[in-house]
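Step one of this worksheet: look at the structure below.
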Amino acid sequence: MNRPVVGGLVGLLLGAAGATGAAFASPDRLAPFIAPTTAQEPQVDNPGMGGVGLPAREPAPNTPTAPTAAVSPTTTTVETTTTTAEPTTTTVETTTAPTTTATPPKPASDVERVVNLVNDARAEAGCEPLTVDERAVRSAQGHSDDMSARDYFSHTTPEGVDFAQRMREAGHPGPGGENIAKGQRTPEAAMKSWMNSDGHRRNILNCDFTTIGVGVATDGWYWTQNFGW
């Protein structure tokens, strides 16, 4: 039995890398697609020179020679002073600066990487980046968890609740669109699938959207993007 289409819901798109689906709030509010386009040696004092004695006079001829007084040799004592330089020891204190270990940045989560990839694509297309809205995050994560737990893949729950209702129930006042994907094990693979689909690409590159919330359930790899005005 076929279900009625709710609010412009686009059907599921199935690809080799995984399945995807896109839903829109209103086609006339979607902007047109824009292509992505570092020693001193101890000093000894000079000891000096000793005095030299003068020669004695010769006596005159035929002149009685008076007794010659014995001349006592003169001894000059030179005192030598030796100065010993005491070595001086200088102690230099070395201060070691504390070692700072940089904390490596925390790797981005799968959800954060999806948001970064979306904003990279929007920048190339000339759109403003989307702001993560916790209300849209609750809606997106809740839908991924529900699809994983109950093993279905649709924008509409088995009870008939669509993305706009889920976003409003989470507190978001302006639901705009939803992309879902299943089976892709990395954010890059999910983004590649969405960007290769016109409907999903239009949601990602809608310059009028301002908020985003992303959820992923790894049991089955269910991805959800919720966009808001």
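The values are calculated or read from the model by the stated rules, or taken from the named source; none is laboratory data. Since this is a predicted model, take the numbers as computed values, not measurements. Note that each Cβ is placed from the backbone with ideal geometry, even for glycine, and that neighbours are counted across all protein chains shown. Heads up: the accessible areas ignore ligands, DNA and RNA and are worked out on the full protein's heavy atoms, side chains in. Shrake-Rupley method; radii C 1.70, N 1.55, O 1.52, S 1.80 Å.
Here are the numbers:
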{"read-out": "Subset tally (residues that are over 22 Å from the mean Cα position of the chain (by Cα), within 14 Å of Ala181 (Cβ to Cβ) and of a type in the set (A, V, I, L, M, F, W, C)) for the stretch 106-150", "value": "2"}
{"read-out": "Subset of the stretch 166-190 that is closer than 10 Å to Thr20 by Cα and outside any loop (DSSP other than H, G, I, E, B) - its residue that is most open to solvent (accessible area, probe 1.4 Å)", "value": "Lys182"}
{"read-out": "Total residues in the stretch 124-136, condition under 20 Å from Trp229 (Cβ atoms), open to solvent by 30 Å² or more (accessible area, probe 1.4 Å) and either of a type in the set (Asp, Glu) or in a helix (DSSP H, G or I) (or both)", "value": "3"}
{"read-out": "Test: residue in the stretch 94-111 that is modelled with pLDDT of 95 or more and either surrounded by 15 or more Cβ atoms within 10 Å (Cβ to Cβ) or basic (Lys, Arg) (or both)", "value": "yes"}
{"read-out": "Criterion violated by Phe153 - all others in (1) closer than 22 Å to Pro129 by Cβ; (2) not in a helix (DSSP H, G or I) satisfied", "value": "(1)"}
{"read-out": "Unique residue being open to solvent by 40 Å² or more (accessible area, probe 1.4 Å) and within 17 Å of Gly21 (Cα to Cα) when the list is Asp219, Asp208, Asp145", "value": "Asp145"}
